[in-house]
Amino acid sequence: MAKFTAKPAELLKIDFKTPKTDWMDTPVNIREHMYCHPAKAKDLEVVDFPNIHEWRPVDENWNLPENWKEIVLNGIKERLQKYRSFHVFMDICVRCGACADKCHFYLGTGDPKNMPVLRAELLRSVYRKYFTTGGKIFGKTAGARELTEDVLKELWYYFYQCTECRRCSVFCPYGIDTAEITMMGRELTNLLGLQLGWIAGPVANCYMKGNHLGLEPHTVKSNIEFMIDDIETITGIRVNPTFNRKGAEILFVTPSGDLFGVPGVYTAMGYLMLFHELGLDYTWSTYASEGGNFGFFTSNEMAKRLNYKIYAEAKRLGVKWILGGECGHMWRVLHQYMDTWNGPADFLEVPKSPITGTVFENAKSLKMIHVIEFAADLIKHGKLKLDPSRNDHLKVTFHDSCNIARGMGMFEEPRYVIKNVCNHFYEMPENTIREKTFCCGSGTGLNASENMELRMRGGLPRANAVKYVRDRYGVNTVANICAIDRATLQASMDYWVPGTAVAGIHELIGNALVMKGEKERTQDLRLEPLPGKEGVE
Amino acid sequence: MKILFPFFAVILLVLLAVVGVKGANLHFLFGVVVPYAAVFTFIIGVIYRVLKWAKSPVPFSIATTCGQQKTLPWIKQNKLENPSSTLHVIGRMALEVLLFRSLFRNIKGELKDSSRLIYGSDKWLWLAGIAFHYSFLIVLLRHIRLFAEPTPSYLHLLETFDGFLQIGAPRLFMTGVILLAAVTFLFLRRLYIPQVRYISLSADYFPLFLIIGIATTGILMRYFLKTDIVGVKELTMGLVSLSPVIPKGVGAIFYVHLFLVSILFAYFPFSKLMHMGGVFLSPTRNLTGNSREYRRINPWNYPVKVHTYEEYEEEFRDKMKMAEIPVEKE
């Protein structure tokens, strides 16, 4: 595959004109840089996924199992019976089009099949053909079509051009959630072994080694030790976290992205500094070393299998409650699925901050809270000594991550924290934040490198809003609470809004946090000079 | 094709009624049999569809949260956009069903000068939707007059309100005009916005043409081709009291109107018009958002194969010991 070299100006020539041919008569054109490579057989074998075989998206023949059609149709039937959401959403769309220009992939590609309504119609047309009387009798007139290999390819292509961000569902008059439909569509492709490498790899890693990155226990520890060294360089304080420690009060689980690579590690340094300063009785786990859940992008069952470890480890270690790191889809899974899958966690206690005494009643069943809720409570109670001027070199905006926004509703806590640790905070335009926030463009396992055009196109609406605040207020930092954002937004920023950095909120906390006995700080967590301290070292 | 087919289907239905009544004298068929069959299909069909949906469980708590969650006491929860109690959910659903709250949010996203994405308020669809649904509702309610003797007093009130412009004789009812205008707007919008036209199916045009036909014949009957209203009421009262009669002198236009209405009723359960029932069952809207506070039970939750800590330690024990990470078995 040739390298993706298109310039931003080229990508911005977006053609929103609809094709001359009807969408059912417009065959799918699987384009380079718009899709991810297939999964490796060994990764699928680890988790016993079905119908593992060799195939390539651009090939005519996908080497599908002989009874592929039966598998898909039975798969649809089973899911109609299991999920009312899927069943109702297959039936009630009136095609009003309110969702069309709400999708970041549609805005970035102009491809009508990226309008949420049409993405869903790709599957609805098959549903009508095989599961409704009207569709069986009237066929195409009723919007029904045969399931052919070409149709399957089209489903595959477009369900992996949706990041399940749920922005469309905010605007739909019936609350139709394309994420529900994409999830079913992806489960169907998974039944046929049509999984992506970038998803299957992390899933296999997480299953066997405890985290997406495949960090083995000693590497989890040594990665954190590197951070400890850096923290000592910056503050003169040596923090001392523990691993797999029984009897700790709190188990801390964060996405493994925070343990490897920038800017994720800066966020993790922020956690380490904060917990040390508080004297928190907590432990990391190398077994439950992943908060995120790429299984969620393959099937409900796989997601549950990966998620199992968090409660299991909390039970084994005998902690009282669980604290979760800054992540997006991790929190959709924790907030809306975990308790149902693997609860009830009756061996845990309702989370109670040992510092402020606040009892988190809103998590009284799940027994797990977001570290930003925890931090906001600390700040509100005046438990942290903060010097926001140490972030004065940053002009910050906040990117709500899709899942935290629309699958949880945490809007005020992160803003409260940022305003307390930074002096310069600017909101992006109101139609691009909070429940109307845009996806980074690379969620749901689409953060590979071979699909860079797709990512840049999908990232355009977010980047464009960042550009707006950069041009207007000089914003140079996009704060967020999502590991995928930290891993992928930088590429989008470099492409669309060069010179803009991406940072987790705990990095900003780490900068501002005045620790007991620290030396005079001259560097921020990136080991760059603090404002007014240039040339001090 | 997608437009012409449903258009001619409706024309054909109109002709069928005209020929059936005027040519073949099938008054009983079009005035009694078809309406009964249609209402029967409607009731059974809607119940069947709703029960079929209801049979599929809602395994997970998947509310789309559109506002601040219930959290720390000093942070104000948005109870209508992120409900945490049944009362909040009823509020959210009421806003959705009665005021089309989500559609009211609509914004139009556009790429300007190939460089700036801008988002502007766009409430036309909401306005047309509200106008269409409410005027249709009032028109329907006004028709109760034909099925009740004596006419209930609240209908007089409704009619006074509906006809407050006091134009013409018989007095002009605003809702009839608004209904026709709104449904025409919805049709034209489908036709002229390229994206909406691209996604539209015959199944989207057919009900529009049908309703345009119904509204047009209704307006024609009331204001232009005067119909024997006493005869009409005789027929409708006969239907509702299950002792159908076919009075003489009721014009064909009435039978066309009645036939189109019957088709709409019969077509309803098999079509997208079921969104009326579906919206109540939409899990992203009718669930609370506080899924960490109360555990949702999935009726088909089943045990899954997992990778246990013991298996994990078995594989990495030596490495863990080397790194001084505590282990269960030495």
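The values are calculated or read from the model by the stated rules, or taken from the named source; none is laboratory data. Given the structure is predicted, the values throughout are model-derived calculations rather than measurements. Cβ atoms come from the backbone with ideal geometry, glycine included; neighbour counts cover every protein chain shown. Surface areas here come from the heavy atoms of the whole protein model, side chains and all, with no ligands, DNA or RNA. Shrake-Rupley method; radii C 1.70, N 1.55, O 1.52, S 1.80 Å.
Looking at (1) part of a helix (DSSP H, G or I); (2) open to solvent by less than 30 Å² (accessible area, probe 1.4 Å); (3) charged (D, E, K, R), which one does B:K319 not meet, given that it meets all the others?
Going through (1) part of a helix (DSSP H, G or I); (2) open to solvent by less than 30 Å² (accessible area, probe 1.4 Å); (3) charged (D, E, K, R) one by one, B:K319 breaks only (2).
Within region B:53-96, which residues are touching a Lys or Arg at 6+ places or on another chain (Cβ under 7 Å), open to solvent by 40 Å² or more (accessible area, probe 1.4 Å) and at the interface with chain A (Cβ under 7 Å from one of its Cβ atoms)?
B:W74, the sole residue that qualifies.
When residues of region A:229-239 are filtered for being in contact (Cβ under 8 Å) with a residue 40 or more places away in the chain and buried (at least 19 other Cβ atoms within 10 Å of the Cβ), how many remain?
3
Taking the stated definitions as given, is B:L158 part of a helix (DSSP H, G or I), more than 14 Å from chain A (Cβ to nearest Cβ) and under 30 Å from B:K272 (Cβ atoms)?
yes
For region B:219-290, list the helices (runs of 4 or more DSSP H) that sit wholly inside it and hold at least 3 residues that are under 30 Å from A:R84 (Cα atoms); which are they?
B:252-267, B:275-278, B:283-286
Of A:R238, A:R245, which residue is part of a loop (DSSP other than H, G, I, E, B) and within 28 Å of A:L527 (Cα to Cα)?
Of the residues listed, the single one that is part of a loop (DSSP other than H, G, I, E, B) and within 28 Å of A:L527 (Cα to Cα) is A:R238.
Since B:R295 meets every condition but one in (1) of a type outside the set (S, T, Y); (2) at the interface with another protein chain (Cβ under 7 Å from one of its Cβ atoms); (3) assigned to a helix (DSSP H, G or I), which condition does it not meet?
Only one criterion in (1) of a type outside the set (S, T, Y); (2) at the interface with another protein chain (Cβ under 7 Å from one of its Cβ atoms); (3) assigned to a helix (DSSP H, G or I) is unmet by B:R295, namely (3).
Among A:L378, A:L384, which is modelled with pLDDT of 95 or more, outside the structural domain of A:T178 (by TED's automatic domain parsing), open to solvent by less than 10 Å² (accessible area, probe 1.4 Å) and out of contact with any Phe, Trp or Tyr (no Cβ under 6 Å at 6 or more places or on another chain)?
Within the list A:L378, A:L384, the selection yields A:L378.
Filtering region A:422-435 down to residues that are among the polar types (S, T, N, Q) and part of a helix (DSSP H, G or I), which residue is most open to solvent (accessible area, probe 1.4 Å)?
The residue in question is A:N431.
Looking only at region A:31-63, count how many residues are among the aliphatic types (A, V, I, L, M), touching a residue at least 60 places away in the same chain (Cβ under 8 Å) and within 27 Å of A:L306 (Cβ to Cβ).
Selection size over region A:31-63: 5.
With region A:34-137 as the region, which helices (runs of 4 or more DSSP H) entirely inside it contain at least 2 residues that are open to solvent by 40 Å² or more (accessible area, probe 1.4 Å)?
So the answer is A:41-46, A:68-82, A:116-131.
Could you list, in sequence order, all residues of region A:1-30 that are closer than 30 Å to A:G214 by Cα and surrounded by 10 or more Cβ atoms within 10 Å (Cβ to Cβ)?
Hit for region A:1-30 is A:F4, nothing else.
Say we look at region B:107-133 and pick out the residues that are in contact with a Leu (Cβ under 9 Å, 6 or more places away or on another chain) and part of a helix (DSSP H, G or I); which of these is farthest from the other protein chains (Cβ to nearest Cβ)?
B:A131
Can you pull out the residues in region B:271-316 that are free of Cβ contacts under 8 Å to residues at least 12 places away in the same chain, surrounded by fewer than 16 Cβ atoms within 10 Å (Cβ to Cβ) and over 51 Å from the mean Cα position of the chain (by Cα)?
B:E311, B:E314, B:E315
Somewhere in region A:403-416, is a residue more than 14 Å from every other protein chain (Cβ to nearest Cβ) and open to solvent by less than 10 Å² (accessible area, probe 1.4 Å)?
no
Taking the stated definitions as given, is B:R142 over 30 Å from A:L118 (Cβ atoms) and open to solvent by less than 70 Å² (accessible area, probe 1.4 Å)?
yes
Of the conditions (1) away from chain B (no Cβ under 13 Å); (2) under 19 Å from B:N82 (Cα atoms), A:N423 satisfies every one except a single condition; which number is it?
Among (1) away from chain B (no Cβ under 13 Å); (2) under 19 Å from B:N82 (Cα atoms), A:N423 violates only (2).
Looking for whichever is aliphatic (A, V, I, L, M) and in contact with a Gly (Cβ under 8 Å, 6 or more places away or on another chain) here; the options are B:V58, B:V33, B:V39, B:V50. Which one fits?
Going through B:V58, B:V33, B:V39, B:V50 in turn, the sole match is B:V50.
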